[in-house]
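Undergrad: Please find one structure pasted underneath; my questions will follow.
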Amino acid sequence: MTLPDQVRVVVIGGGVIGCSVAYHLTKLGWRDVLLLERRQLTCGTTWHAAGLLTSLRDTETQTRLAKYSQELYRRLEAETGQATGFIGCGSIQLARTEDKAEEMRRGVAAAGLFGVEAHEISPREVQVRWPLADVNDLKGAFLFPDDGRINPTDVTQALAKGARLGGAQIVENVKVTGFHCDQGRVIGVQTNQGDVRAEYVVNCAGLWAREVGQLAGVAVPLLAAEHYYLISEPIDGVHQLLPILRDPGNSAYIREEAGKLMVGLFEPTARPWGLDGVPEDFCFSDIPPDWDRMSPYIEQAMRRVPRLLETGIKLLFCGPESFTPDHNYLMGEAPELRNFFVAAGFNSLGILSGGGAGLVMAHWIVNGHPPMDVWSVNLRRMHRWQSNPSYLRDRTVETLGIGYQDHWPFRQSLTARGVKKSILHDRMACAGACFGESAGWERPNWFAESGQQPVYQYGWGRQNWFENSAREHRAVRERVGLFEQSSFAKLLVQGPDAERVLNRIANANVAVAVGKVVYTQFLNERGGIEADLTLTRLAADCYLVVTAAFTQTHVEAWLRDHTPPGAFITLTDVTGAYAMLNMQGPNSRGLLQAVTTDDVSHAALPFGTAREINVGYQSLLAVRLTYVGELGYELYVPTPFALPVYDALVEAGANFGLQHCGYHALNSLRSEKAYREWSHDIGPDDDPLSAGLGFTCAWDKPGGFVGREALLARREAGPLQRRLVQFLLKDPEPLLYHHEPIRRDGSVVGFTTSAAYGHTLGGAVAMGYVTLPAGAGDESILSGHYEIQAGAAHHAATASLRPLYDPSNARSRC
Ligand SMILES: Cc1cc2nc3c(=O)[nH]c(=O)nc-3n(C[C@H](O)[C@H](O)[C@H](O)COP(=O)(O)OP(=O)(O)OC[C@H]3O[C@@H](n4cnc5c(N)ncnc54)[C@H](O)[C@@H]3O)c2cc1C
């Protein structure tokens, strides 16, 4: 077949994802879609998938995508005439420990929020539904009646057929070999059969997606790993309606396969594959199995169904599947190249998420934004360095097994650590820091006491660092705490047009005097919050933009994408050039004054201002701000000055009760003050009005701001139906994390978006959006009896629209 010269969209890759993207684009009315497959449809990873459709996933986005995929695959056969092999057998997840059972109870409560039906069942009931299973070690079991399985090849062919019926062209045996780009935008593909001009390109090349991305200069951090299942010989009593048995304690799932059993493995230590490239002729191929490596895992998995130990193995299958550094997919527009989209890295969830992934991608391309908040799978949460092959190789060892491990609160990755260390890292280690990782940075999460190991002991109750963090928290409220926050991304926006461009992107007014600090959001056209950050005006033509490390790629791309052509500004990443020490607490001014000859009194350095000060032989930028609700200062110290400045603060700090503090204390402090955290409490689907951040909007500034019109329309539509509310549990014992259902007078009205233990308020504090009937004002929101559901337990809670800690800001503005 001859290739067209020009199309609207080229989709690269004919696996389940590419076919689903093409299908959904046609559903939205785009007929001018060309899918190119280097060999044959499904020949990469899709053909050999086990076809499990399980709906309870780690994140809200993944759960929604899985649920939609199930619904789509149920109706696809009727729509296209192509069988999909759907079997509605349900699934059962087993918990071998009390902790896993607690995790599952919490997960099931959260799943209910998104329409996933699930029930706890007894081990006896498991036995009735699965007579061959050994249930003696079970501490809990959970039934998902709507789960099932499909034939991955058939589903993909059905999606391809649906796409063709909608007008798409699907061409096999054409390999994309390069791209044409112009002024930061992709404008076409090169193939082994000629060039095709295109407005959009979607990289759905599965485990090849990293190489395909490289051809366009786009980082797609994923790597394949060996992935196994075995098929037994036939076993009496095995039938196709046996629910899929998911057995995380044994790193395995078990399902029926034509009268035999299939046992799939998610071993905790995996083996990466294809680091040096994938063989050119890889097509419907597999990997020779390594029996020695897998035997211990196989034996462990078989214990769940002892009959397997006496039955022969017909096949041990190994195929490659791609995994990402955080076990979430990679979707969305590349930060490096406009109109170049990626949908890859499905971490062995590509079939069960494929329908939803195609839906999201199609909306994103056609409408310019995804149909829901998909931050947890957005490619822009990644950083270019994450494509480093050594990093991917080491991290992939851990990621394959993550889905079947315990999902502890505060769990830290074990592999590929130490990517980024602040210059103060060793000082922090000496002070007892237990480090956690964010965007590759090692950051102190809590500080061990002398004689205590700085190591996590995980659990669903109070973990071993609870009292350490409580001490740090109290030091900030009563004396002064020192947070090492060098990981924060620091961007300089410079040039004669800096004020004009930033003032359009930011909702606050940034046309302020030099030395002023502005807290602001960047909004999308729908009024949703894309970033939550501070801008400090350093000069008439220079701003320092500070944002959380994990948002750096997104914020940089947002700034670039919203800079009008011809604007005279530059954007420079100066993150590594400055360390950041954050001193917070009532003694912070006294301490700062003790180490500087500059005046740092309230009059000289009021709240929301910044000035350069000297500390010893060094100089630094002191910014008076707080994210914990106290008097405090962020100190931006040029990296070569950081060690002497830190040493001076610690030495002088002895007289002020200085305490090293970690990110867990920061989270507890900010939760009490109801300071929002982007990606938890606020995000692209939340507007500043619902989030209680309307005060940041400079409604009348000249030129307006992106998102203003959408917000005005919302404001004029009457009282808000959805409001972000702070909650405090009345019982001081229970802990909350996030995604706990919020009940008002017995009915679910929302779920928690973030939570922590409030050591000053004396209980777990959380935030969450409450949705009430139209016309309900603040009084109705606050009236009613609130409960937060943590697993099976319901806890009475106080609700507040104002921060429960220091609502008048008296402590930070003194
Ligand atoms: C053993 C095993 C069991 C699994 N079981 C399940 C399961 O039960 N449930 C589940 O949800 N998932 C499962 N998975 C994962 C699932 O198979 C994958 O997530 C999914 O198939 C990925 O689909 P894809 O379209 O991204 O990739 P692929 O199917 O690999 O498709 C990518 C396509 O791109 C093509 N391509 C590459 N480069 C180019 C180029 N330059 N030009 C043109 N075309 C190109 C390739 O030929 C390939 O066909 C399993 C995986 C394995 C290995």
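The values are calculated or read from the model by the stated rules, or taken from the named source; none is laboratory data. Quick caveat, the model's predicted, so the values are computed rather than measured. FYI the Cβ positions are ideal-geometry reconstructions off the backbone, even for glycines, and counts take in every protein chain you see. Just the protein is used for accessible areas: all its heavy atoms, side chains included, with ligands, DNA and RNA removed. Shrake-Rupley method; radii C 1.70, N 1.55, O 1.52, S 1.80 Å.
Undergrad: Can you give me the angle between helix 60-80 and the longest principal axis of the chain, using Cα atoms only, in degrees from 0 to 90, rounded to the nearest 10?
TA: Around 30 degrees separate the two axes.
Undergrad: Over all Cα pairs of the range 525-655, how is the pair count split among 5 Å bins, expressed in % and running from 0 up to the last occupied bin?
TA: Spelled out per bin, shortest first, that is 2, 9, 18, 21, 18, 13, 9, 6, 3, 1, 0.
Undergrad: So, with a 1.4 angstrom probe, what is the percent of accessible area on the range 478-606 that is carbon and sulfur?
TA: Summing carbon and sulfur atoms, their accessible area is 56 percent of the total for the range 478-606.
Undergrad: What are the semi-axes of the equivalent ellipsoid for the chain, taken as the square roots of 5 times the Cα gyration tensor eigenvalues, largest first, in whole Å?
TA: Computed over the chain, the values are 45, 32, 26 Å.
Undergrad: Something else about it: Need one number: the % of Cα-Cα pairs in the range 195-320 sitting beyond the 18 Å mark.
TA: Value for the range 195-320 (Cα pairs over 18 Å): 61 percent.
Undergrad: At 25 °C and 0.890 mPa s, grab the translational diffusion coefficient of the range 435-564 from Stokes-Einstein with a Kirkwood Rh over Cα pairs, rounded to a whole number in µm² per second.
TA: 142
Undergrad: Based on the alpha carbons, how large is the Rg to Rh ratio for the range 528-584 when Rh follows Kirkwood?
TA: Expressed as Rg/Rh, it is 0.97.
Undergrad: Now, a different point. Compactness ratio of the range 668-715: Cα Rg over 2.2 N^0.38 Å, N = residue count?
TA: 1.30
Undergrad: Could you give the dipole magnitude of the range 627-744 about its Cα centre, charging the beta-carbon of Lys and Arg +1 and that of Asp and Glu -1, in debye to the nearest 20?
TA: For the range 627-744, the charge dipole is close to 540 debye.
Undergrad: With all protein chains present, how much of the accessible area of the range 721-798 (probe radius 1.4 Å) comes from carbon and sulfur, to the nearest whole percent?
TA: Its accessible area is 52 percent carbon and sulfur atoms.
Undergrad: Using the per-residue mean of other Cβ atoms lying within 10 Å as a proxy for protection, in what order, highest first, do the peptides 149-158, 348-357 fall?
TA: My ranking of the peptides, most packed first, is 348-357, 149-158.
Undergrad: If a/c stays under 1.5 just call it rounded; otherwise compare a/b with b/c (prolate if a/b is bigger, oblate if not). Do that for the range 282-441, with a ≥ b ≥ c from the square roots of the Cα gyration tensor eigenvalues.
TA: oblate
Undergrad: Using Cα centres only, tell me the gap between the range 495-570 and the range 422-494 in whole Å.
TA: When both Cα centres are located, 29 Å separates them.
Undergrad: On to the next question. Please work out the average accessible area per residue across the chain, using the 1.4 Å probe convention, and give it in Å².
TA: It amounts to 36 Å² per residue over the chain.
Undergrad: Now, a different point. Jot down the per residue volume, in cubic angstrom and as a whole number, of the convex hull over the alpha-carbon atoms of the range 184-243.
TA: That works out to 200 Å³ per residue.
Undergrad: Running Debye on the range 366-510 with equal point scatterers at the Cα sites and no solvent, what base-10 log of I(q)/I(0) appears at q = 0.16, 0.18 Å⁻¹?
TA: Treating every Cα as an identical point scatterer, log10 I(q)/I(0) equals -1.14, -1.24.
Undergrad: Also, I was wondering about something else. When the dipole is taken about the Cα centre of the chain, and only Lys, Arg (+1) and Asp, Glu (-1) are charged at their Cβ, what size is it in debye, to the nearest 20?
TA: 1000
Undergrad: Continuing with this model, one more query. Among the lysines, which have Cα under 28 Å from the Cα of K490 when same-chain residues fewer than 8 positions away are ignored?
TA: K420, K421, K516, K673, K701
Undergrad: I'd like the distance between the alpha-carbon centres of the range 178-222 and the range 748-797, rounded to an integer number of Å.
TA: One Cα centre to the other: 46 Å.
Undergrad: Sequence neighbours fewer than 8 away in the same chain don't count; with that in mind, list the lysines whose C-alpha is under 30 Å from K139.
TA: K67, K100, K260, K730
Undergrad: Hey, another quick one. Quickly estimate the mean residue ellipticity at 222 nm for the chain, helices only: each DSSP H run with n ≥ 4 gives -39500 (n - 2.57), and the total goes over all residues, rounded to 500.
TA: Only helices count here, giving -7500 deg cm²/dmol.
Undergrad: Going by a ≥ b ≥ c, the root eigenvalues of the Cα gyration tensor, does the range 575-640 fall in the rounded group (a/c under 1.5), the prolate group (a/b larger than b/c) or the oblate group?
TA: oblate
Undergrad: Evaluate 2.2 N^0.38 Å with N set to the residue count of the range 98-187, then give the Cα radius of gyration divided by it.
TA: Rounded to two decimals, the normalised Rg is 1.88.
Undergrad: Taking the Cα centroid of the range 89-137 and of the range 280-338, what is the distance between the two, rounded to the nearest whole Å?
TA: Their Cα centres are 24 Å away from one another.
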